[in-house]
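The values are calculated or read from the model by the stated rules, or taken from the named source; none is laboratory data. Just so it is clear, the structure is predicted and the values come from calculations on it, not from any experiment. Counting neighbours? That spans all protein chains shown, and the Cβs are built from the backbone with ideal geometry, glycine included. Note: areas computed on protein heavy atoms with side chains; ligands, DNA, RNA excluded. Shrake-Rupley method; radii C 1.70, N 1.55, O 1.52, S 1.80 Å.
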Amino acid sequence: MKPALLAATALMVASGAAFAANAPKKALSAPVPSASDLQQPATPVPSFRDMMLVKPWQADQKAPTDAADDEGPADPNADLAYGAYQRGLYRAAFQEAKKRAEANPPSAAAMTLLGQLYADGAGVARDPKQAARWYERAVAKGDREAMLQLGLLKLQGADDARDVAGASKLFEKAGALGEPEALYNLAVIELQGQGRPQDFAAAAKHMKAAAELGEAQAQYAYAVLLREGQGVERDPTAAAEWLKRAAAQDDIPAMVEYGIALFNGAGVDKDEAAAAQLFRRAAERGNAVAQNRLARLYAHGRGLDRDPARAAAWHQLARRQGLGDAWLDGFVASLPATDRDAADKLIAKWSEGFGPIAQGATAEAAAPKP
C-alpha cells in the first residue's frame, strides 16, 4: 500500500555519451526529473499516488496465508481486512475495516486502510476528503503509515489546495518513527525548496536515513548526492556502494548507474563483464539507456561476446523510446542484411510470450495507473 517513490535521476556517462535515465517503476507521461531538476524550486513535487505498491503497512500484522479460503485465513490472528484488500476484495475489505475502526478499542491500521480505499476509490466511491478524515484519525493514534499517506494526499491537491508545509510536517513525524518513504519524500521537498528553504544538507541527512532503512530509491538518490557532493562531502566510493545496494534491490536507474561505474572503474574496481550483466537486467526491464549501453557493448565485444545482431536489436529498442545514437545508426547500416534480419527476429522473439521485453511490458501494464 506504500508508494513506489520517484527516484532522483541524474545524467549518466559511459563511453563518452550522456543520457537521462528512465523512470524506475513505470513510464511517466513526462520525463523523469534529473538530480539537478529536483533541486530547482520551480520543479513541482511529483504526485506519488499513481505509483502505489501494495505492501503491508504494519510489521506486526500478518498477511493471509495460501491456506486462506472463503471463510477467512487459517490464522485467526491474521488481519481479515488487509487480507481481503490484498486479494482485491475491496468491498469486503471496506466492511471489515469499518467494523474494526469503530470497535472498542478502534484499530488505527483499519482507519488507515479505510483512508486508502477512499483515496483509491476501491470498493467505495473515490472521496479524498473522506480519505483525509480517516487518515487524520489514524494519525491521532500514532499510525506512521497514515502520516505518510496523509502527507502524500496533501501534495496531491490542486495548485491552490496543495499543502507542502503540512505534508512536510507529517513526513517529519513519520520519519521520526522510522518510515523510510516519508524520509525520502521529505528529502525531495528539501532538495526542491518547496514550503521551506532549499536545504541540501538536511536533504542528504534524510535521504541517508531512508537509505539505511532499506529504501532502494533513497539508496540511489543518496548515491547521486554523494557522487555530486550535494549536501554531503563528495565520495565516489561511497556513492558506488550505495548504487550497488540499490541495484541489488532491482532499482533500475541504480542498475544502470552502477553498471556505468563498474564499466568506468568509478569508485569501484573496473569490471566490464559485471557491468554488461547489469545493463542486460535493466535493458530487459525496458530501460532505454541500458538498451543503448548494451547495444554498444555487443557492437564492440566489451564485457561479453561480440554480437552485431544483438547490438542492432537493442539499438532499435532504445530508438523506439526516443534514444538515438548516431554511431550505432552507422554501425547498423553497415551490417549485412542477414544480421539486420536476425535483429528483427530477435526483437519479435523478445516481444512475444515470455520474452524479456514482453514481460517488462506486462509488468508495466499491471502497475497502478493515475
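Please work out whether the stretch 292-339 counts as rounded, prolate or oblate from its C-alpha gyration tensor, where a ≥ b ≥ c are the square roots of the eigenvalues and a/c under 1.5 means rounded, while otherwise a/b larger than b/c means prolate and anything else oblate?
Oblate, since a/c reaches 1.5 and b/c is not below a/b.
In vacuo Debye scattering of the stretch 248-349, one point per C-alpha: log10 I(q)/I(0) at q = 0.12, 0.20, 0.23, 0.24 Å⁻¹?
So the normalised log intensities are -0.36, -0.95, -1.18, -1.26.
Which shape class applies to the stretch 121-189: rounded if a/c is under 1.5, otherwise prolate when a/b exceeds b/c and oblate if not, where a ≥ b ≥ c are the square roots of the Cα gyration tensor eigenvalues?
oblate
For the charge dipole of the stretch 236-294, defined by +1 on Lys and Arg C-beta atoms and -1 on Asp and Glu C-beta atoms about the Cα centroid, which residue among ALA273, ALA246, GLY286 has the Cα displaced farthest towards the positive pole?
Ranked along the dipole, the leading option is GLY286.
If the limit is 32 Å between Cα atoms, which of LYS154/LYS205; LYS98/LYS244; LYS141/LYS208 go over it?
Beyond 32 Å between Cα atoms: LYS98/LYS244.
Could you compute Rg(Cα) / (2.2 N^0.38 Å) for the stretch 101-151, with N its residue count?
1.01
Under 1.5 on a/c is rounded, so check that first for the stretch 172-244, then, if it is not, pick prolate when a/b is larger than b/c and oblate when it is not; a ≥ b ≥ c are the square roots of the alpha carbon gyration tensor eigenvalues.
Taking the square roots of the gyration eigenvalues as a ≥ b ≥ c, the stretch 172-244 is oblate.
So how much accessible area does THR237 have, in Å² to the nearest 10, using a 1.4 Å probe?
Around 90 Å² of this residue is reachable by solvent.
Along the Cα-to-Cβ line of SER351, 7 Å from the Cα, sits a label point; which residues in the stretch 314-329 have backbone N less than 16 Å from it?
Inside the label zone: 314-323.
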